[in-house]
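What follows is a short report on a single structure.
Read the figures in this text as sums done on the coordinates, not as results from a lab. Remember, predicted model here, so these are calculated numbers, not experimental data. For neighbour counting, all protein chains shown are included, and Cβ atoms are generated from backbone atoms with ideal geometry for every residue, glycine included.
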Amino acid sequence: MDSGESRTLHKSPMNDILKEQEQQNQQDQADQQPADAQPDPLDALRREKDAVQDRLLRTAAEFDNYRKRVDRERRDLADYIAAEVVGELLPIIDNLERALNAASETDPLRKGVELTLKQMLEVLRKRGVKPIEALGADFDPNFHQAVIHEASSEHREGEVMEELQRGYLIGERLLRPAMVKVAKAA
């Protein structure tokens with residue numbers, strides 16, 4: 001083994017452990033041999049082959065784990081970036097919805113706003129974004145942000161009475177909680 005290979009083996013703690021195990025095995029075998037017996041060169045080659053093969057298998061396993069970790073990190077980063085971009089589009093959708101609510105049925109621009117909103121919602125749906133259905137549901141702090149609590153005899157306590165701003169999920173991950181008005185006992 002040349003000095004370059006020696007340096008490569010000592011870089012990993014796994015290689016240090018393997019070297020210690022190999023030395024221990026050699027010591028055990030030396031203890032078992034009679035003092036006057038010559039070590040068999042074939043046995044030495046087999047031990048060396050087994051050690052090299054073991055190192056190769058461990059290195060392959062380490063590389064496979066590394067590859068899987070990098071793939072998982074790459075997917076997580078792509079999901080994070082997609083969520084950030086979609087999160088920046090949500091205020092635009094909110095404004096389009098407000099424009100529709102403020103426009104009269106006869107307003108000539110209404111149709112264009114409706115089509116634009118429909119198109120944006122379709123793009124988000126294709127990306128796995130779905131709105132949180134809040135109205136009439138029980139308040140859930142994991143998906144709702146209560147901004148108003150109002151006494152009501154028509155609604156049960158903790159029921160979402162009104163959705164002030166729509167919340168969204170991307171896949172199963174919360175993108176933005178729904179801002180809601182929650183009923184409390186009258």
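Averaging over all projection directions, find the projected area of the Cα convex hull of region 131-186 and quote it in nm² with one decimal place. Value for region 131-186: 3.2 nm².
The relative contact order of the chain comes to 15 percent, based on Cα pairs under 8 Å that sit 6 or more residues apart.
Dipole magnitude for the chain: computed about the Cα centre from +1 point charges on Lys and Arg Cβ and -1 point charges on Asp and Glu Cβ, it is near 860 debye. Shown for R166, R47: other C-beta atoms within 10 Å of each C-beta, ranked fewest to most, produce the order R47, R166. Each 10 Å bin from zero holds the following percent of Cα-Cα pairs in the chain: 8, 19, 17, 12, 8, 10, 11, 9, 5, 2, 0. Estimated from the Cβ-Cβ distance and a Förster radius of 30 angstrom, the FRET efficiency linking A185 and N101 is about 0.50. Gaussian network model of the chain, Cα springs within a sub-10 Å range: biggest mean-square fluctuation belongs to which of N25, N95, N65? Among N25, N95, N65, the largest GNM mean-square fluctuation belongs to N25.
Fully extending the segment from I92 to D50 would add 8.7 nm, taking 0.36 nm per residue of separation and subtracting the current Cα-Cα distance.
Count the net charge of all other residues whose Cβ sits under 12 Å from the Cβ of E73, scoring Lys and Arg as +1 and Asp and Glu as -1. It works out to a net charge of +3.
Pairs of Lys residues in the chain are counted when their Cα atoms are under 14 angstrom apart and they lie 8 or more places apart or on different chains; the count is 4.
Largest GNM mean-square fluctuation across G171, G128, G112, computed for the chain with C-alpha springs under 10 Å, falls on G112.
Approximating the spin labels as points 7 Å out from Cα along Cα→Cβ, the D140-to-R110 distance works out to 3.4 nm. By the helix-only formula, in which each DSSP H run with n ≥ 4 contributes -39500 (n - 2.57) and the sum is divided by residues, the chain has a 222 nm mean residue ellipticity of -20500 deg cm²/dmol. Once the C-beta distance of R72 and I17 is scaled by a Förster radius of 22 Å, the resulting FRET efficiency is 0.25 to the nearest 0.05.
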